[in-house]
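Notes follow once the structure below has been shown.
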Amino acid sequence: MTDVIMPNDLVSRAKDILAANDRGGYTVPTHALYPFQWNWDSAFVAMGWATFDENRAWRELERLVEGQWADGMVPHIVFHAPSDDYFPGPDVWGTHHQPPTSGISQPPVLAIAIRSVLEQAKAADAPDRARTLYRAALASH
């Protein structure tokens with residue numbers, strides 16, 4: 001018989017996974033396969049962080065837009081730290097962006113994440129953080 005997982009156990013497990021995949025301001029989708037920050041994943045991850053760590057949720061989105069291009073594109077991968085374990089890495093993309101990024105994007109969920117985090121926010125600086133990120137999302141769109 002399969003063990004029944006209770007909702008509180010799922011929440012605890014989800015928090016543990018986020019913490020294990022936290023790389024100091026951004027979250028990797030899985031530590032063994034994708035060692036970088038991914039656009040779509042980070043938007044959904046920020047919504048998860050917001051349920052128990054508002055500051056960390058904002059930081060996820062702020063780190064994501066560090067990779068935004070001058071033309072507004074938010075790339076699908078931001079290579080915040082070097083890794084020899086992933087292909088195609090920044091050299092293959094050859095974008096010459098700082099920080100290094102891929103050259104394509106993913107469906108735009110950044111604005112949805114900003115709104116979701118703001119709607120749960122309690123911190124006094126939340127509107128200012130959301131406003132800054134909103135400008136990035138607007139440029140992306």
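List of remarks:
- When GLU60, GLU54 are compared by accessible area at a 1.4 angstrom probe, the order from most to least is GLU54, GLU60.
- Using a Gaussian network model of the chain in which every pair of alpha carbons under 10 angstrom is joined by a spring, one finds that among TRP93, TRP40, TRP69 the greatest mean-square fluctuation is at TRP93.
- Ellipticity estimate at 222 nm from DSSP helix runs (n ≥ 4, -39,500 (n - 2.57)) divided over the chain, nearest 500: -15000 deg cm²/dmol
- Candidate values [x] 25, 17, 15; [y] 26, 21, 11; [z] 30, 16, 13, label of the one derived for semi-axes √(5λ) of the Cα gyration tensor in Å: [y]
- Gyration tensor (alpha-carbon) shape descriptor, the stretch 14-92, a/c threshold 1.5: oblate
- With the cut-off at under 15 Å, measuring from each backbone N in the stretch 57-92 to a point 7 Å along the Cα-to-Cβ line of ALA111 picks out 72-74.
- A full extension of the chain between ALA32 and VAL92 corresponds to an added length of 19.6 nm, given 0.36 nm per residue minus the alpha carbon distance.
The values are calculated or read from the model by the stated rules, or taken from the named source; none is laboratory data. In this text, all values refer to a predicted model and were calculated from it rather than measured experimentally. Because the Cβ atoms are built from the backbone with ideal geometry, glycine has one as well, and the counts that use them run over all protein chains shown. Heads up: the accessible areas ignore ligands, DNA and RNA and are worked out on the full protein's heavy atoms, side chains in. Shrake-Rupley method; radii C 1.70, N 1.55, O 1.52, S 1.80 Å.
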